[in-house]
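Read the structure below first, then the notes.
Any read-out appearing in this document is the output of simple, stated calculations on the displayed coordinates, not a laboratory observation. The structure presented is a predicted model; accordingly, all values stated were derived computationally and were not measured. Glycine gets a Cβ as well: all are built from the backbone with ideal geometry, and neighbour counts include every protein chain shown.
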Amino acid sequence: MSVSKQVRIIYSVMAVAAGTLCLLRADSNFGTTGAQILRMRTSAKIMGRGDTGVAYADDLNALAYNPAGLTQMEGSQAQFTHIFYYVGTSMNSAAFGRKYRMKGHDLALGFKWKYFGTEDTERDEDGKELEDFDIKYAQYSLGAGYQVRERHSIGATLNAVTEKVYDCEGFDIALDLGWHYKFREDPMYEDEKGVRRVTKRFLNFFTYNEREPVGSVGAAIKNIGPNIKTFKGGGSALPLMLAVGAAYEFDEYLDDVIFLCELHTSAENPLGFNAGVETELEGFLFRMGLMYTANTTLTFGASVPDRKWHVDYAFLVNLGLGTTHRISVGVNF
C-alpha cells in the first residue's frame, strides 16, 4: 500500500468519525458523571504527547486507551506510575502484561491497579469548616488484545471501580472495547521509467525486518456499563466515551517524527480534540501535545528508552486547573 493511499485512508476514517461524533453530540445530554477515576489517565508516555493513545498505544499502556493495542507490546512488561495531581493530591498505578503467540496470532493480557485518595472539608453555607471527609477511588482492570489478522487487532478491558465520598460508597463494572489497524511502509517505488524498485532504506535486510509500522488508526468505546450504584441507593452515569485516532510518521520529510491526533466525545464533553508529536533526538524521546475539551491543556514529556528499562516523564499545564506531573517506570522481561 502506497504512503499516499495510507494517508487518504486515515483522512477518510477521521472524516467519518468526525461526522459520527457530531451526530452524537447533537442527540446527547451532557453533565457530571460518576466513577471519575475512569477518566484519570496515568501514562506519562501517552500524556506527554497530548493523551493520544487510541491509535498509537504500543505497549502496556494500551490497556487503558485501546485494549486492541496490547498486541503491539513485546514479551512481558511491568509498569509503575506516580502522579503529582492537582491541589496537592496524588495518584498511583501499577500494571503487568504479557504477550503470547497462539497458532500464528498474537494474544496479549494485561492487569492494572489504580488508586486515588485525598481528604476534603465540609463547609456550611457561610463557608465555615465543619468536618473532614475522605475521597477514595480505586480501579482494577483486566484486559486482552487479539490479533485477528496481520494488521487488525481487537480488544476488551473489564474495569471494576470502587469509590467513597464522605459516607457514600459505590461499586460498578465498566467495559472498554477497541479496534486497531497498522500500516507498513511499501518497500517498493517506481523510478522515472516506471520500473518497480526496492527503496534504499530497505536494501539492508535487518533494517527492513526491524522497521516499525509507520502509521496506524484505532477506535475505542470506553466505560460501557450501568449507573454506578452507591450503598445509599443513589447512582450516577459512567463517563461513557467514544474515541477515534490516527498516528503517522512522515519519513519522506522528517526522520523519527510521529504525528498523532484524536477526536472524542463523552457523557461529560460533547466534542474534544487531542494532538501530539513525538521525536527522537540524541537517544532521547521528546514529546508535546494539546488537549482541548472544556479546558485547554498543554503537555510536554520526555523519556529515556532502553531495551529493558524505560523512564517516562510528563508535565501538563491545564489553563483552568493548574499543573500536574507524571513519572512512569517500566521494565521489559
Check: With θ set to phi - 60° and the Karplus curve 6.51 cos²θ - 1.76 cosθ + 1.60, what are the ³J(HN,Hα) couplings of the range 153-166 in order, to the nearest whole Hz, using x for Gly and Pro?
Finding: 9, 10, x, 8, 10, 9, 10, 10, 10, 10, 8, 9, 10, 6
Note to self: Per-residue counts of other Cβ atoms within 10 Å, averaged by peptide: what ranking do you get for 45-58, 128-141, highest first?
What the structure shows: 45-58, 128-141
Checklist line | Length added when fully stretched, E131-Y166, from 0.36 nm per residue minus Cα-Cα | finding: 11.6 nm
Check: ³J(HN,Hα) across the range 46-58 via Karplus (A = 6.51, B = -1.76, C = 1.60, θ = phi - 60°), whole Hz, x for Gly/Pro?
Finding: 7, 5, x, 10, x, 6, 9, x, 6, 9, 9, 10, 9
Margin query: Ranking request for peptides 173-182, 302-311, 146-155, 270-279: highest mean number of other beta-carbon atoms within 10 Å first, then the rest in descending order.
Written below: 173-182, 270-279, 146-155, 302-311
Notebook entry, point to check: Among the listed pairs K45/K114; K222/K308; K45/K136, which are separated by more than 22 Å between their Cα atoms?
Noted result: K222/K308; K45/K136
